[in-house]
Each structure stands twice: as structure tokens, then as C-alpha cells.
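This report concerns only the one structure given below.
The values are calculated or read from the model by the stated rules, or taken from the named source; none is laboratory data. Keep in mind the model is a prediction, meaning the values are calculated, not measured. Reconstructed Cβ throughout: ideal geometry from the backbone, glycine too, with neighbour counts over all protein chains shown.
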Amino acid sequence: MPSQFMQRLRESIMPLHDEAEKSGPLSAIPEKLVTLQEYRRILERLYGFVFVAENIIQSQVQHSGLDYKARIRVDHLVKDLIFLGNTRESLIKIPVCQGMPVIRNTPQGLGLLYLFEGSRLGGLVLSKALKEHFGFRGYHGYAYFASNGMEVATMWAYFKDFMENYVQTQGGGDDIIIAAKKGFVSLNMWLAG
Ligand code: HEM
């Protein structure tokens, strides 16, 4: 099946992706310029976003036909933060993002989810750098970016087909794109803050 919609979606977020990749706080990871303290702070900021986003996504995509539970990532952030010295009590105190876009239907939920599914690809680049830079092993300290060893290529291929099929049968492409863009703007602002 030609992936026309996914191509459109990809093009719509690429300027925001370039911003995150080239000048956001995450850019220090592949450059191996990040200290352990800075890395932990990045994970805490991500936690504050992913925690809220995954609750929103879960409530909107539960009837979409996608097995979303298998794609939840906050547990990997918790695993990394605890490895780096946080306690369960300290996680509760991490500030969470208040500037999320309003997500009110399934396509919008899928648009937000697309960001996190796509970011698994870049996560593999980051996890390689983290292993080299900090000597991490065994998915300890870099579980989030490495998707804790899950089959990222297979998951991504499945997700892309699912999205293409969803838009062809249910519509909602514009809502997906708007939510993905708004979500990316919020994430970039949140990570920079
Ligand atoms: C330093 C940070 C980042 C790096 C190095 C990076 C790198 C990459 C790479 C290598 C790919 C796959 C290759 C490609 O299709 O061009 C990719 C795709 C993607 N990334 Fe990132 N990324 C970063 C940050 C992010 C962030 C913060 C997000 C949003 C949560 C994100 C979302 C995506 C998405 C949605 C795709 C899939 C694009 C598509 O539809 O094909 N990335 N990234």
C-alpha cells in the first residue's frame, strides 16, 4: 500500500523535528556533550511530558483497534530515572506539562501517538551515543531511548500500516496532522523550558 498519508504527516512535522534534533536539549546527546546531570534532567522533562501525553493518548485511542498498551513508554523512563538515582517518591514531585494541546478525538490521539512512535527511530541513535558516552549496558539508563530492546523496526512498520489504513477507512487525516504539529510545538517548548 503506498504510504501517501504517512509521507504527508512526516513532511508536516519535519521543520519541528529539525528544531528538536539540531537545537533542542536532546541535540547534546548524539554530540556526546551532555553530562550525566544534564541527561537526568532531560529524562525528567521527558517524564513530565510523556506521563501526561500517554494518559491522553490512552483515553482517545482505546477503540481505534491498535494495541496501545504494548506501546506505552513511561515505564521505561521510570526505569532509567530510578537507575540514575531517583526514588519513586521523587518521581511524584517531577513537574508535569500543563501546556498540552487539547486532544478530543481518536485521530487527534493518534497524531500525538505518532510523535512517540516515530521518536523510537531517533531513540536508537541516541541510545547508541549514550552507551558509548556513559558506558551504559543492558538497557539500564537508556531503556527509554532504546525502547528497552523492543523490535523498533517491526513496531514502526506495523504502526505506519495501521495509520495508513485508519485514514483510508475512517478519515481524520487533518486532525492527525494538526495534533502531531501542536504536540511537537508543545514538546519543544517544554523541553527548552
Ligand atoms: C536529537 C534528537 C533526535 C534525533 C537524533 C532524531 C533522529 C531521528 C531519525 C534518525 C529518524 C528516522 C530517520 C528518518 O526518517 O529521517 C527520526 C524519525 C522521527 N523522529 Fe526523531 N530524532 C530526534 C528527536 C525527536 C523528537 C524529540 C521527536 C518527537 C517526540 C521525534 C520524532 C520523530 C518522528 C515522528 C519520526 C518519524 C518521521 C517519519 O514519519 O518518518 N524525533 N528521528
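Here Gly138 meets the list (1) in contact (Cβ under 8 Å) with a residue 60 or more places away in the chain; (2) on the phi > 0 side of the Ramachandran plot almost entirely, failing just condition (1).
Does Gly173 satisfy being touching a residue at least 12 places away in the same chain (Cβ under 8 Å), more than 19 Å from Thr35 (Cα to Cα) and either small (Gly, Ala, Ser) or buried (at least 19 other Cβ atoms within 10 Å of the Cβ) (or both)?
Values: touching a residue at least 12 places away in the same chain (Cβ under 8 Å): yes; more than 19 Å from Thr35 (Cα to Cα): yes; either small (Gly, Ala, Ser) or buried (at least 19 other Cβ atoms within 10 Å of the Cβ) (or both): yes.
Judged against the criteria, Gly173 is a match.
Quick check on my filter: what residues within segment 28-49 are within 9 Å of the ligand (Cβ to nearest atom) and either aromatic (Phe, Trp, Tyr) or under 21 Å from Val74 (Cα atoms) (or both)? Of everything in segment 28-49, those that are within 9 Å of the ligand (Cβ to nearest atom) and either aromatic (Phe, Trp, Tyr) or under 21 Å from Val74 (Cα atoms) (or both) turn out to be Ile29, Leu46, Phe49.
Restricting segment 176-193 to residues that are surrounded by 19 or more Cβ atoms within 10 Å (Cβ to Cβ) and within 11 Å of the ligand (Cβ to nearest atom) leaves a set whose member that is nearest to Gly65 (Cα to Cα) is Ala180. Among the residues of segment 54-109, those identified as of a type in the set (A, V, I, L, M), over 15 Å from Ala143 (Cβ atoms) and touching a helix residue (DSSP H, G or I) at 6+ places or on another chain (Cβ under 9 Å) are Ile56, Ile57, Val61, Leu66, Ala70, Ile94, Val96, Met100, Val102, Ile103. When restricted to residues that are within 30 Å of Tyr158 (Cβ to Cβ), in a loop (DSSP other than H, G, I, E, B) and hydroxyl-bearing (Ser, Thr, Tyr), segment 60-93 contains 1. Remark: Gln37 falls outside the filter, which requires a residue to be touching a helix residue (DSSP H, G or I) at 6+ places or on another chain (Cβ under 9 Å) and either in a helix (DSSP H, G or I) or of a type in the set (Phe, Trp, Tyr) (or both).
For every residue, the table says whether it meets (1) over 12 Å from the mean Cα position of the chain (by Cα); (2) assigned to a loop (DSSP other than H, G, I, E, B); (3) among the polar types (S, T, N, Q).
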| position | (1), (2), (3) |
| --- | --- |
| Phe51 | no, no, no |
| Glu54 | no, no, no |
| Pro95 | yes, yes, no |
| Gly111 | no, no, no |
| Leu121 | no, no, no |
| Ala129 | yes, no, no |
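Within segment 110-128, if we keep just the residues that are more than 7 Å from the ligand (Cβ to nearest atom), of a type outside the set (D, E, K, R) and surrounded by 19 or more Cβ atoms within 10 Å (Cβ to Cβ), the residue that is farthest from Phe5 (Cα to Cα) turns out to be Ser127.
Just one of (1) more than 10 Å from the ligand (Cβ to nearest atom); (2) surrounded by fewer than 16 Cβ atoms within 10 Å (Cβ to Cβ) fails for Ile103. It is (2). Checking the structure you have, find out if any residue of segment 164-174 is at pLDDT 95 or above, closer than 19 Å to His17 by Cβ and either among the polar types (S, T, N, Q) or assigned to a loop (DSSP other than H, G, I, E, B) (or both). Scanning segment 164-174, I find no residue that is at pLDDT 95 or above, closer than 19 Å to His17 by Cβ and either among the polar types (S, T, N, Q) or assigned to a loop (DSSP other than H, G, I, E, B) (or both), so the answer is no.
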